[in-house]
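What follows is a set of notes on a single structure, which appears directly below.
The values are calculated or read from the model by the stated rules, or taken from the named source; none is laboratory data. Everything quoted here is computed from the prediction, not taken from an experiment. Glycine gets a Cβ as well: all are built from the backbone with ideal geometry, and neighbour counts include every protein chain shown. The accessibility values were calculated without ligands, DNA or RNA, using every heavy atom of the protein model including side chains. Shrake-Rupley method; radii C 1.70, N 1.55, O 1.52, S 1.80 Å.
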Amino acid sequence: ILAPLREPRVRAVRARGPQVPRRALPSARCALACTCGAGSMAGISEGEVAVYDRQLRLWGVQAQQRLLKAKVLVWGMEGCNVEMCKNLVLAGVSLVIRDHRIVEPKDVAFNYFLREEDLGKSRAECAAKRVQEMNPLCAVSSDASPCKAATVAAMKEDLNGCDVVCMALGVVGFDVAKACDVDAACREVGSCFMMTMSAGELAFFFSDLNTHTVQERSSAQGAGPADPHAEPPAPETLQFPSLTEWLACSPIDLQKQKADASIQFVALFLAFAHKNAQAQPGASDAFVDFCKDSAKCVPSVDGYADLKQAYSCVFVEPLVHVASIVAGLLAQEVIKAITKRDKPLENSVCFNAHTSVAWVERIPAAAKAPAKRKAEEVADLLD
């Protein structure tokens, strides 16, 4: 019925005559070299340009070069770290996956890098093999050794050469003191440190970039082309608190700062685990008593009947969509730390699926700048 309504096709007829050779289209590398300058493309192969073409145009050549040279230690293949591995390796970041635990049935149910035939094998080795398949241009290695270093000096040897260390708290048995030692070692060797934990519908990560300088900034979303004659923004240096300084801020202080209840819960859990050397799955009653008697802080976390239920959820994997959302934010912060492009989030991020809100808090809160006094008041003081 529709055939008579269609316009007739017109066949293109090539004129006879001398054949003119076609000009080859410029490659992606040549096109970017024309845009960014041939010298800036050093260290990026033709194959890498073809794979990372969109990122090169989005972040720039210099940022992509830093990503390709970087090495991230993913310590603990659980929770948000699983999804983060996928995000980073696709961006061109080389990874070292460290985990001393073996694959169990619950791991296969959550971690899509693991299979049933991996049961009883090294979690790090099995996962690294399949992470590598996602991007053969990156180097993905595994380390199945446990953390035996007892001092910060001994840990420095394991962490040296890593640009970022992202550790899941569960891989060290929720030993917060051990996590503080890893953070201290990272600060001494110049590596950024990030720590993740989750509780069912809730996921959290802490970041310590030590002294971090933001050198580049992306244009605002939807903004027009940048003025080539405009002065670039001046570099901004940020000072991040250590995990030890984070723990020194009590949950009751966070309550006074009006921090969200989900962040108060994380602070309570870390304080409880730090006081008791580690946290055990069956210690929910002791945790509630700690919140009431010692911390004097009993927040009501959205999505949980009580603190006892929230505590129990820490020892199981988070919901898949929760891990995916927070891993996206976490990978974004790792990329910011490596590329020094755009201002990172300071320094605690907690997402609650029940409210669909990701809270960002700087803990401890930054010192307020002194109020500026009027010139007349200053003149009076000088007189």
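Things to note:
- Carbon plus sulfur fraction of accessible area for region 74-187, probe 1.4 Å, in percent: 51 percent
- Residue-span extension gain [SER356 to LEU58] - 0.36 nm each, minus C-alpha spacing: 104.5 nm
- The alpha-carbon of LYS343 sits under 12 angstrom from the alpha-carbons of these aspartates and glutamates, leaving out residues fewer than 8 places away in its chain: GLU216, GLU236, GLU333.
- Entries in LYS129/LYS275; LYS106/LYS129; LYS156/LYS340; LYS86/LYS275; LYS106/LYS308 that, when Cα-Cα distance is taken, lie over 29 Å: LYS129/LYS275; LYS86/LYS275
- Cross-link partners for LYS258 among the lysines, with Cα-Cα distance under 16 Å and sequence neighbours closer than 8 places in the same chain left out: LYS296.
- Cα gyration tensor shape of region 75-117, rounded if a/c is under 1.5, else prolate or oblate by comparing a/b with b/c: prolate
- Stretchable slack from ALA365 to ASP253, in nm (0.36 nm times residue separation minus alpha-carbon distance): 39.3 nm
- Each peptide in 298-309, 325-336 was scored by the mean count of other Cβ atoms within 10 Å over its residues; highest first, the order is 325-336, 298-309.
- Full extension of the chain segment joining GLN280 with LEU238 gains 11.5 nm, where the gain is 0.36 nm per residue of separation less the Cα-Cα distance.
- Shape call, region 145-198: gyration tensor on alpha carbons, a/c limit 1.5: oblate
- Cα gyration tensor, region 171-270 - rounded (a/c under 1.5), prolate or oblate: prolate
- Per residue accessible area in Å² of region 132-284, where ligands, DNA and RNA are left out and the probe is 1.4 Å: 45 Å²
- Three semi-axes describe the equivalent ellipsoid of region 95-228; taken as square roots of 5 times the Cα gyration tensor eigenvalues and ordered largest first, they are 29, 23, 16 Å.
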